[in-house]
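Asks: A single structure is presented below for examination.
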Amino acid sequence: MKYVQHFSLLAIMALALPGTALAADTHSGKFTLSDTVQLGTTQLPPGDYKAEWRGPSNALKVAILQHGKTVATADGEIKDLRHPAPYNSVTLKPAAENQKTIDEIDFSNRTDALVINGE
């Protein structure tokens, strides 16, 4: 009888583990823009955003969301950092017509950064 109880407990845990693995989503991260930036044809005003990406680490499809809705898309890649980023940060670079665009997003306590490929 004990064997059946232990087996049942192990089976339940095995089924629950994939769900907890999905909860630790490493294919997204939140960030804040303090300046207006141009991403593709979209201007992103200052505010809080979430980046979600999918695909191989050197050819990502990136979606930028605000309030749960996709507001811009871009291509990108993952860059490995030597040490975990101490905080969220966004590195900007110059773009056309005196605008700025996102170059890289570092996420707090993570050793990977999201690099946005230029236009």
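The values are calculated or read from the model by the stated rules, or taken from the named source; none is laboratory data. Owing to the predicted nature of the structure, the values given are computational and were not obtained by experimental measurement. Heads up, the Cβs are rebuilt from the backbone with ideal geometry, glycines too, and the neighbour counts pull from every protein chain shown.
Condition check ((1) closer than 18 Å to K30 by Cβ; (2) modelled with pLDDT under 95; (3) of a type outside the set (K, R)) across all residues:
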position: L44; (1), (2), (3): yes, no, yes
position: E52; (1), (2), (3): yes, no, yes
position: R82; (1), (2), (3): no, no, no
position: L92; (1), (2), (3): yes, no, yes
position: A95; (1), (2), (3): no, yes, yes
position: I102; (1), (2), (3): yes, no, yes
position: A113; (1), (2), (3): yes, no, yes
position: I116; (1), (2), (3): yes, no, yes
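Asks: While we're looking at this one, here's another question. Inside the stretch 98-111, can you point out the residues that are among the charged types (D, E, K, R) and free of Cβ contacts under 8 Å to residues at least 40 places away in the same chain?
Replies: D103, E104, D106
Asks: Scan the stretch 55-72 residue by residue and report those that are small (G, A, S) and either exposed (fewer than 11 other Cβ atoms within 10 Å of the Cβ) or within 12 Å of L39 (Cβ to Cβ) (or both).
Replies: Those that are small (G, A, S) and either exposed (fewer than 11 other Cβ atoms within 10 Å of the Cβ) or within 12 Å of L39 (Cβ to Cβ) (or both): A59, A63, G68, A72.
Asks: Identify, please: which residue in the stretch 102-113 is closer than 17 Å to L44 by Cα and aliphatic (A, V, I, L, M) and is, among those, surrounded by the fewest Cβ atoms within 10 Å (Cβ to Cβ)?
Replies: Step by step, filter the stretch 102-113, then rank; the result is I105.
Asks: For the stretch 83-101, which positions are closer than 13 Å to A51 by Cα and either surrounded by 15 or more Cβ atoms within 10 Å (Cβ to Cβ) or touching a Leu at 6+ places or on another chain (Cβ under 6 Å) (or both)?
Replies: Passing the criteria: N88, V90.
Asks: Same structure again: Under 8 Å between Cβ atoms, which residue pairs at least 6 apart in sequence (or on different chains) link something in the stretch 53-65 that is within 9 Å of I78 (Cα to Cα) and without any contact (Cβ under 8 Å) to a residue 60 or more places away in the chain with a partner that is surrounded by fewer than 15 Cβ atoms within 10 Å (Cβ to Cβ) and not acidic (D, E)?
Replies: L60/R54
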